[in-house]
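Below you'll find the structure, written out as structure tokens, and then a few comments.
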Protein chains: 2
Amino acid sequence: MSLLVMKFGGSSVGDAERMKRVAKRIADRKREGHRCVVVVSAMGDTTDELIDLSKQIIDGTPSAREMDMLLTTGEQVSAALLSMALHRLGEQSVSFTGWQAGIHTEDVHAKARITDIRPERVIEALEHGKIVIVAGFQGLTEEGEITTLGRGGSDTTAVALAAAVQADLCEIYTDVDGVYSTDPRIVQAARKLKEISYDEMLELAHLGAAVLHPRAVEYAKQYQVKLIVRSSFTNNEGTCVKEEAAMEQGIVVRGIAFDKHISRITILGVPEKPGQLAAIFTALAEENIDVDIIVQGGVRDGWADTSFTLGTAELDRARSVLRRIQPDIGFQDLRTKSELVKVSIVGSGMISFPGVAAKMFSTLAEAEVSINTVSTSEIKVSCVIEGDKLHDVVRALHTAFGLDTGEQAFVGGPSERR
Amino acid sequence: MSLLVMKFGGSSVGDAERMKRVAKRIADRKREGHRCVVVVSAMGDTTDELIDLSKQIIDGTPSAREMDMLLTTGEQVSAALLSMALHRLGEQSVSFTGWQAGIHTEDVHAKARITDIRPERVIEALEHGKIVIVAGFQGLTEEGEITTLGRGGSDTTAVALAAAVQADLCEIYTDVDGVYSTDPRIVQAARKLKEISYDEMLELAHLGAAVLHPRAVEYAKQYQVKLIVRSSFTNNEGTCVKEEAAMEQGIVVRGIAFDKHISRITILGVPEKPGQLAAIFTALAEENIDVDIIVQGGVRDGWADTSFTLGTAELDRARSVLRRIQPDIGFQDLRTKSELVKVSIVGSGMISFPGVAAKMFSTLAEAEVSINTVSTSEIKVSCVIEGDKLHDVVRALHTAFGLDTGEQAFVGGPSERR
């Protein structure tokens, strides 16, 4: 008999019928002999409707504390209804708010981090043979304030609870079948991955494959929580996210991710003196502008050029910050370029195989795509390119790295890795 | 500078515009120099919508515990939005759930009684100059379970909080102007009362004037909380509910209340032996059938007749209970009569003035209405009559007891009361 944490997202419990179907799935797991803790998000559009209500009340940004008070009701409603749906099937269950489940967070609203879980009530209810339903996305500060965990918060609730109750497995039920080698809407040959490492999943999550929230993956890696991402609408096997060492084989490239709507800003003629870069990027950070890849050119005659990429939605704000600090920094001019995209190959196997980046560059060259900016980590290579050829490029890379068939991907295979 | 508790019902905060209007009213009170604690109900139809959702999930009666988890979100949403609406007006405010406001209840779901209020957070926020918004209708058990207070629960929250923080006044804002001498939809001459005693209000509330919940009035009487019932849509002065002794004058009849849809059951030929009445009314109570006026006729030749009134909606259930126990009790037959109404005159002054009941009976006789059943207490006389003449009777009583003008009501005036 194992202990499962099962997490269902908003679309999985979008209406009463779906709620009942989810209850059936949970009851089946229980009848298989498992003990079940269930984490649930707000139903379908509830969160958007609550945000809309707040906008009818106040024009500007509402207080983050009051938004947390408002939004946490959505998950509480889901949890109560899901518990009723289980009663309907003759199961014993009990719903808890985040604080009732002992989820404590730091004293920050809208994006609090979990500091501590005290799952006594959850464990007690399990010991009484009950299915425990926990409202996701929320916690409580030491001062008794209700907080939310930010985007993907219910994933984080599930993983953190799984760690706290020492669950054997944390199942993330969602509206897709699992993690794919790339976006199946673009590459027909995209394959569902049987397994992926925490680090690879982190890179893919950050790079735009919105299956699982990065914070939840980080948490899972930290506490070694075994995750399964699977569909709440089918019985298909999902994708297992786990430690690299526990995996069957070291694949060079596991998947291809991409971000649309990237822009680049180039700051021309920055006078060369210490602290200039820090001043520029501190000013941007203070306005919460998320800068991605920074490229600092060499210094010529005491002047340097610096460029960076960012989401196109933040381009205007970034430009006005830079114009504001131009007199202090003394740079000469700004250039901006939009309609760029970032495409990334991810795979923990590439640590051991040189030539992966080169193969990516030559694939792009064959597609007659020029590379704007490059960024690499131990397990990924990202290239910023013109946006118009994105789909062709993703398909070409998918083929080049053997992902269409799942064979060529092992540039040599694990035995040659040393 | 006084401390006010202000309570707004669901229709007062039915949509964003009304919510903003309520916020303006609160801000005005604050700017007059008062410290304000605000208790708020769920917006308009929210509670009904949540109940409807639960019905889509489960056919039978849902778990009372999970219903409490579900329904308490409605008040939490209102409280958060009202706090935002106050921020919009530049006021400092903070919303609390019932448990955050320290409202503790007994361990019963759907109709818990408040056992204890620990208002430390409310007081601390007030000391920081904040307007405190509290979600009505809810509390927490010692075991950390979320409970609701049943119908009229937000009124009770307001009164109990007013007692706990020692407020100078508790204002109940509603969709009517105050407490009237009778229903203004039926008697054009109905007047708004300037004041009414707790006991009179209790009788009126129980008798069908649904302005203020009886439990809230009981609580107010117990803790001597001064209440004002007033409209949230106008600036009209409301009705003050307070201790009899503090009132300006002892009015004989303060108001006329009535209940429609009354039925009477007569049990014929009950064999005279001890415990028969107890057996009958215990059986009815066990089915939660609310019996109103009981009339026990004399015993003749070892047989007695017993009749009682009850709401017509419960008639069928009551009849089947009685048929079930007929073999045990051994009574001879049942008669039922529907389409009755109960009309009551209420006034604490009638203790000192004999002849009030007689005047009521003669007024009914003049209207050619025969009286079916009578029940009296120290401050009310109730008559059950045929329903078809109800409106005429109420109008006639309103005139006869001087309520049309507010003059004749003092049958002598206070100086003659002893």
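The values are calculated or read from the model by the stated rules, or taken from the named source; none is laboratory data. Everything numeric in this text was worked out from a predicted model, so none of it was measured. We place every Cβ from the backbone using ideal geometry, glycine too, and count neighbours over all the protein chains shown. Note: areas computed on protein heavy atoms with side chains; ligands, DNA, RNA excluded. Shrake-Rupley method; radii C 1.70, N 1.55, O 1.52, S 1.80 Å.
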Can you tell me which of B:Gln56, B:Gln76 is at the interface with chain A (Cβ under 7 Å from one of its Cβ atoms) and open to solvent by less than 30 Å² (accessible area, probe 1.4 Å)? B:Gln76
Where in the range B:80-195 are the strands (runs of 3 or more DSSP E), entirely inside, with at least 3 residues that are among the hydrophobic types (A, V, I, L, M, F, W, C)? B:131-135, B:169-174
For the range B:19-39, name all the residues that are within 20 Å of B:Ile228 (Cβ to Cβ) and within 12 Å of chain A (Cβ to nearest Cβ). B:Arg21, B:Val22, B:Ala23
Six or more apart or on different chains, Cβ under 8 Å: which pairs go from a residue in the range A:84-100 that's touching a residue at least 40 places away in the same chain (Cβ under 8 Å) to one that's small (Gly, Ala, Ser) and assigned to a strand (DSSP E or B)? Could you list them? A:Leu86/A:Ser93; A:Ser95/A:Ala135; A:Thr97/A:Ala135; A:Gly98/A:Ala135; A:Gly98/A:Gly139; A:Trp99/A:Gly139
With the checklist (1) more than 9 Å from chain A (Cβ to nearest Cβ); (2) assigned to a loop (DSSP other than H, G, I, E, B); (3) closer than 29 Å to A:Leu82 by Cα in hand, flag the one item B:Pro62 doesn't pass. (1)
Would you mind finding the one in A:Val225, A:Val211, A:Val270, A:Val253 that is in contact with a strand residue (DSSP E or B) (Cβ under 9 Å, 6 or more places away or on another chain), farther than 25 Å from A:Val384 by Cα and not in a helix (DSSP H, G or I)? A:Val225
Do we find that B:Thr147 is assigned by TED's automatic domain parsing to the domain that holds B:Ala101 and either in contact with a helix residue (DSSP H, G or I) (Cβ under 6 Å, 6 or more places away or on another chain) or surrounded by fewer than 21 Cβ atoms within 10 Å (Cβ to Cβ) (or both) in this structure? yes
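Considering only residues that are open to solvent by 50 Å² or more (accessible area, probe 1.4 Å), touching a helix residue (DSSP H, G or I) at 6+ places or on another chain (Cβ under 9 Å), over 24 Å from B:Cys383 (Cα atoms) and not charged (D, E, K, R), which ones fall in the range B:236-263? Full working, then the answer.
Within the range B:236-263, the first condition is being open to solvent by 50 Å² or more (accessible area, probe 1.4 Å), and the residues that meet it are B:236-237, B:243, B:245-246, B:248-249, B:260-261.
Still in the list and also touching a helix residue (DSSP H, G or I) at 6+ places or on another chain (Cβ under 9 Å): B:243, B:248-249, B:260-261.
With the extra rule that they be over 24 Å from B:Cys383 (Cα atoms), the set shrinks to B:243, B:248-249.
Listed by number, the list holds a single entry, B:Gln249.
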Is it fair to say B:Ala220 is touching a residue at least 60 places away in the same chain (Cβ under 8 Å), in a loop (DSSP other than H, G, I, E, B) and not assigned by TED's automatic domain parsing to the domain that holds B:Asp328? no
Filter result for A:Thr376 (under 28 Å from the mean Cα position of the chain (by Cα), of a type in the set (Val, Ile, Thr) and more than 19 Å from A:Leu204 (Cα to Cα)): no
Can you tell me which of B:Ile256, B:Ile267 is touching a His at 6+ places or on another chain (Cβ under 8 Å) and not small (Gly, Ala, Ser)? B:Ile256
Qualifying position, being open to solvent by 40 Å² or more (accessible area, probe 1.4 Å), at the interface with another protein chain (Cβ under 9 Å from one of its Cβ atoms) and either at negative phi or hydrophobic (A, V, I, L, M, F, W, C) (or both), among B:Asp48, B:Asp68, B:Asp15: B:Asp15
Scan the range A:85-108 and give yes if some residue there is under 21 Å from the mean Cα position of the chain (by Cα), more than 10 Å from chain B (Cβ to nearest Cβ) and open to solvent by 30 Å² or more (accessible area, probe 1.4 Å), otherwise no. yes
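For every residue, the table says whether it meets (1) out of contact with any Lys or Arg (no Cβ under 7 Å at 6 or more places or on another chain); (2) at pLDDT 90 or above.
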residue: A:Pro184; (1), (2): yes, no
residue: A:Tyr198; (1), (2): no, yes
residue: A:Ala205; (1), (2): yes, no
residue: A:Ala209; (1), (2): yes, no
residue: A:Lys226; (1), (2): no, yes
residue: A:Ser231; (1), (2): yes, yes
residue: A:Lys242; (1), (2): no, yes
residue: A:Val252; (1), (2): yes, no
Regarding A:Ala189, is this residue in the same structural domain as A:Val37 (by TED's automatic domain parsing) and open to solvent by 10 Å² or more (accessible area, probe 1.4 Å)? no
How many residues does the range B:109-135 hold that are within 18 Å of B:Ala216 (Cβ to Cβ) and open to solvent by 10 Å² or more (accessible area, probe 1.4 Å)? 8
Given the conditions (1) under 22 Å from the mean Cα position of the chain (by Cα); (2) on the phi > 0 side of the Ramachandran plot; (3) of a type outside the set (A, V, I, L, M, F, W, C), every one holds for B:Ser344 apart from (2)
